[in-house]
Amino acid sequence: VQKPFPSDALAAPLALGTAPVGLALGVGALALLLALLRWPVVPASLAVLALGVAAGAALGLRPSEALVLGPQPIALAFPGWSDFAVAATALLVPQLPLTLGNSVIATADAARSYFGQGAERATPRGLSFSIALGNLWAGLVGGLPVCHGSGGLTAHYRLGARTPAASIVIGILCILVAVLFGRSALAARTLVPFAVYGALLLYVGWQHLQ
C-alpha cells in the first residue's frame with residue numbers, strides 16, 4: 001500500500017483555499033504537461049513523471065515495498081489441461097468482447113484516424129495475430145496477459161509519439177526498468193504519486209473523447 005502523504009504539514013495553498021498536497025500535485029502536473037505540449041522543450045510525459053519522482057522524494061514518499069535490483073529470472077512454464085479449463089471460463093469469456101472491441105476494432109479505427117494510409121498494416125487481423133503471439137510468449141514465461149488498446153494509442157499519439165523513434169525510446173526505457181527493477185517493478189511505480197498518474201490519465205481520457 002502506498003504510504004499516504006502527511007495531511008497537515010504538507011497542505012498546499014491554492015486560489016480557493018487550502019487543498020491536500022495530492023490535489024496540488026495533480027494540478028501542477030497537468031499544468032506542466034499542457035505547457036510542454038504547447039512549447040515542446042523536452043518530452044512532456046517523461047518530464048511529468050520525473051517531476052513526480054522528485055516530488056515524491058521531497059515529500060518522503062517511499063515505495064510500497066523494498067526495491068530489489070536486478071531482473072526477474074525467466075523460467076518456462078507449460079500449462080496443463082486444467083489450466084486451460086480455468087482460463088477459458090475465468091478469462092476468455094469475460095475478456096473476449098473487450099479484446100475484440102477495444103484492442104482490435106477500436107485500435108485499428110484509431111490508427112486510421114491518426115495516421116491515415118500510414119496505418120494500413122494496423123488491420124484487425126494483424127492486431128489479433130500480434131496479441132496472440134504476445135500472450136503465447138507471456139504464458140510460457142509467466143508474464144501477464146497483454147493486448148493493444150485504442151486508449152493507449154491515443155496516449156502515445158497525443159503525447160507526441162508520431163514516428164517509429166518513439167517506439168524505440170519507450171522500448172529502451174522498458175528494458176532498462178526490467179533490468180534494473182524487474183523483481184520489484186510494481187513497487188518502483190509507487191515512487192510516483194498517484195496524483196501525477198491521475199493528471200496523465202485525465203489528459204489522455206479527454207483527448208480520447210475528441
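The values are calculated or read from the model by the stated rules, or taken from the named source; none is laboratory data. Predicted, not measured: the structure shown is a model, and the values here were computed from it. Every residue, glycine as well, gets a Cβ built from its backbone with ideal geometry; the counts of neighbours run over all protein chains shown. Keep in mind that these areas ignore ligands, DNA and RNA; they rest on the heavy atoms of the full protein, side chains included. Shrake-Rupley method; radii C 1.70, N 1.55, O 1.52, S 1.80 Å.
Couple of notes before you dig in:
- Selection status of Val104, in contact with a Leu (Cβ under 6 Å, 6 or more places away or on another chain) and more than 19 Å from Gln207 (Cα to Cα): yes
- Residue selected from the range 151-206 under the condition among the polar types (S, T, N, Q) and more than 29 Å from Leu59 (Cβ to Cβ), by the criterion farthest from the chain's Cα centre (by Cα): Thr163
- Flag for Leu202 being modelled with pLDDT under 90, open to solvent by 30 Å² or more (accessible area, probe 1.4 Å), out of contact with any Phe, Trp or Tyr (no Cβ under 9 Å at 6 or more places or on another chain) and of a type outside the set (S, T, N, Q): no
- Scanning the range 121-179 for residues that are charged (D, E, K, R) and open to solvent by less than 80 Å² (accessible area, probe 1.4 Å) returns a single hit, Arg158.
- Per the conditions (1) in contact (Cβ under 8 Å) with a residue 24 or more places away in the chain; (2) surrounded by 13 or more Cβ atoms within 10 Å (Cβ to Cβ); (3) on the phi < 0 side of the Ramachandran plot, the sole criterion not satisfied by Ile105 is (1).
A quick yes/no check of all residues on (1) modelled with pLDDT of 90 or more; (2) in contact with a strand residue (DSSP E or B) (Cβ under 6 Å, 6 or more places away or on another chain); (3) assigned to a helix (DSSP H, G or I):
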position	(1), (2), (3)
Gln95	no, no, yes
Ile105	yes, no, yes
Ala138	no, no, yes
Ala155	yes, no, yes
Ala161	no, no, no
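- Checked against the criterion of being in a helix (DSSP H, G or I), free of Cβ contacts under 8 Å to residues at least 60 places away in the same chain and of a type in the set (D, E, K, R), the candidates Arg112, Arg121 yield just one match: Arg112.
- Hey, Leu46 more than 23 Å from Leu153 (Cβ to Cβ) and either in contact with a helix residue (DSSP H, G or I) (Cβ under 7 Å, 6 or more places away or on another chain) or surrounded by 14 or more Cβ atoms within 10 Å (Cβ to Cβ) (or both) or not: no
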